Amino acid sequence: MSKKEKRCYDGYLIKNLDPVVFLMPYVMPRRCDSETKVDLSIDIGKMEHFIKEHKQDIPGLTLYHAVFASIVRAAAVTPEINRFITGGRIYQRRTVRISMMVKKDLEVNGRESTIYPVFETTDTLAEIVRKTNTLVDEALDKLNDNNDSNSFDKFISLLYAVPPFLLRGIIGFLMFLDRHGWLPKKLCDLQPFHSGFFVTNVGSIGLPVIYHHLYEFGTTSCFVAIGKKEIVRSIRRDGSIRTQKLLPLRAVVDDRICDGYTYSCAFRTIRKCFREPEILLTPYDPNSKAKFTSAEDGGDDE
């Protein structure tokens, strides 16, 4: 492993890239220059029925976990979406790290914290539910006790006492280290901006689904917003009425890390997980990749 690769402890350097992909971080050096917005509407009828069936054997299972599990499965099938850019180089993550916000109360001044569970690409739905709920429960317990929920909250609370002119210098220095992949591992681990994916459920607070920007600080290459469920009726070709319950998702992705076809395969995987949720009960099998990425499997069932 090279010295450069050692600095990026959470990923390894991708070599032999396509020339165009290799040049993208230099042509578009900033993440905000490279944002591509994706609009998805997922049919959740089968998934909701599946969740009811598995309430007993997977305690605490919700639609939110299904979104997490489908992202993890998409990262297993198409690992390219789980890449990040630092120092002008493209790296592949070793795990799937997803950040999410936990809010104590649905009030304007309600306290909140951020958790970031780490998943393996072989994790099943039950394992994803367990890992996520463990961190959520810990965060809520600390918020209920009026304690700082995690090390990141404690670190930020220390900065309140720093004068603005010094704070700008500190943040600028940290961003300089981050741009070159030199940020210490401890600092990367204690905050949410070095996750592969950031997921927010704006539907739970009554907001319409949004496109959330990516952050220049950190290495997050995909931000997913979940909206409120919708009932949609349409007319089939035979004239009959089709009723669907849809979950709107909006993804903002860094289009430098992989090409459009790869993202297309990833989104097909997410749709397939909702159409066939039972596949999430078993670990990902690399031999099944072809059926996830098939171009014929891209749409919702009639």
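The values are calculated or read from the model by the stated rules, or taken from the named source; none is laboratory data. None of these values were measured; they are calculated from a predicted model. Note that we place each Cβ from the backbone using ideal geometry, even for glycine, and neighbour counts take in every protein chain shown.
Go through the residues of the stretch 264-274 one by one and say whether even a single one is within 18 Å of the chain's Cα centre (by Cα), closer than 27 Å to Glu53 by Cβ and without any contact (Cβ under 8 Å) to a residue 40 or more places away in the chain.
Yes, the stretch 264-274 contains at least one residue that is within 18 Å of the chain's Cα centre (by Cα), closer than 27 Å to Glu53 by Cβ and without any contact (Cβ under 8 Å) to a residue 40 or more places away in the chain.
Which residue, of Ala126, Ala139, is at pLDDT 95 or above and part of a helix (DSSP H, G or I)?
Values: Ala139 fails: at pLDDT 95 or above.
None of the other options fit; the residue is Ala126.
When you scan the stretch 220-228, do you find a residue that is among the hydroxyl-bearing types (Ser, Thr, Tyr), buried (at least 20 other Cβ atoms within 10 Å of the Cβ), touching an Asp or Glu at 6+ places or on another chain (Cβ under 8 Å) and assigned to a loop (DSSP other than H, G, I, E, B), even just one?
yes
Only residues that are in a helix (DSSP H, G or I) and among the hydroxyl-bearing types (Ser, Thr, Tyr): list them for the stretch 172-219, please.
Of the residues in the stretch 172-219, the ones in a helix (DSSP H, G or I) are 172-179, 185-189, 192-194, 202-205.
If the condition is that a residue be in a helix (DSSP H, G or I) and among the hydroxyl-bearing types (Ser, Thr, Tyr), then Ser204 is the only one that fits.
Of the numbered conditions (1) in contact with a helix residue (DSSP H, G or I) (Cβ under 9 Å, 6 or more places away or on another chain); (2) hydrophobic (A, V, I, L, M, F, W, C); (3) part of a strand (DSSP E or B), Val232 fails exactly one; give the number of that condition.
Of (1) in contact with a helix residue (DSSP H, G or I) (Cβ under 9 Å, 6 or more places away or on another chain); (2) hydrophobic (A, V, I, L, M, F, W, C); (3) part of a strand (DSSP E or B), only one is false for Val232: (1).
Before we move on, is Asn150 modelled with pLDDT under 85 and surrounded by 17 or more Cβ atoms within 10 Å (Cβ to Cβ)? Can you show your working first?
Details: modelled with pLDDT under 85: yes; surrounded by 17 or more Cβ atoms within 10 Å (Cβ to Cβ): yes.
When the stated conditions are applied, Asn150 passes them.
Among the residues of the stretch 12-23, are any in a helix (DSSP H, G or I) and among the hydroxyl-bearing types (Ser, Thr, Tyr)?
no
If you take the residues of the stretch 223-241 that are touching a residue at least 60 places away in the same chain (Cβ under 8 Å) and within 26 Å of Ile210 (Cα to Cα), which of them is nearest to the chain's Cα centre (by Cα)?
Val224
Yes/no per residue for (1) at pLDDT 90 or above; (2) under 19 Å from Lys37 (Cα atoms); (3) surrounded by fewer than 17 Cβ atoms within 10 Å (Cβ to Cβ); (4) acidic (Asp, Glu):
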| residue | (1), (2), (3), (4) |
| --- | --- |
| Ile235 | no, no, yes, no |
| Lys245 | yes, no, yes, no |
| Val253 | yes, yes, no, no |
| Ile257 | yes, yes, no, no |
| Arg268 | yes, yes, no, no |
| Thr293 | no, no, no, no |
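Does the stretch 204-218 contain any residue that is without any contact (Cβ under 8 Å) to a residue 60 or more places away in the chain, out of contact with any Ser or Thr (no Cβ under 7 Å at 6 or more places or on another chain), closer than 26 Å to Ser41 by Cα and buried (at least 18 other Cβ atoms within 10 Å of the Cβ)?
There is at least one residue in the stretch 204-218 that is without any contact (Cβ under 8 Å) to a residue 60 or more places away in the chain, out of contact with any Ser or Thr (no Cβ under 7 Å at 6 or more places or on another chain), closer than 26 Å to Ser41 by Cα and buried (at least 18 other Cβ atoms within 10 Å of the Cβ).
Among the candidates Arg73, Arg83, which residue alone is surrounded by 15 or more Cβ atoms within 10 Å (Cβ to Cβ), closer than 24 Å to Leu190 by Cβ and modelled with pLDDT of 95 or more?
On the way: Arg73 fails: closer than 24 Å to Leu190 by Cβ.
Of the residues listed, the single one that is surrounded by 15 or more Cβ atoms within 10 Å (Cβ to Cβ), closer than 24 Å to Leu190 by Cβ and modelled with pLDDT of 95 or more is Arg83.
Does Leu246 satisfy being touching a residue at least 40 places away in the same chain (Cβ under 8 Å), more than 18 Å from Arg30 (Cβ to Cβ), not charged (D, E, K, R) and not in a loop (DSSP other than H, G, I, E, B)? Steps first, answer last, please.
On the way: touching a residue at least 40 places away in the same chain (Cβ under 8 Å): yes; more than 18 Å from Arg30 (Cβ to Cβ): yes; not charged (D, E, K, R): yes; not in a loop (DSSP other than H, G, I, E, B): yes.
Yes: the conditions hold for Leu246.
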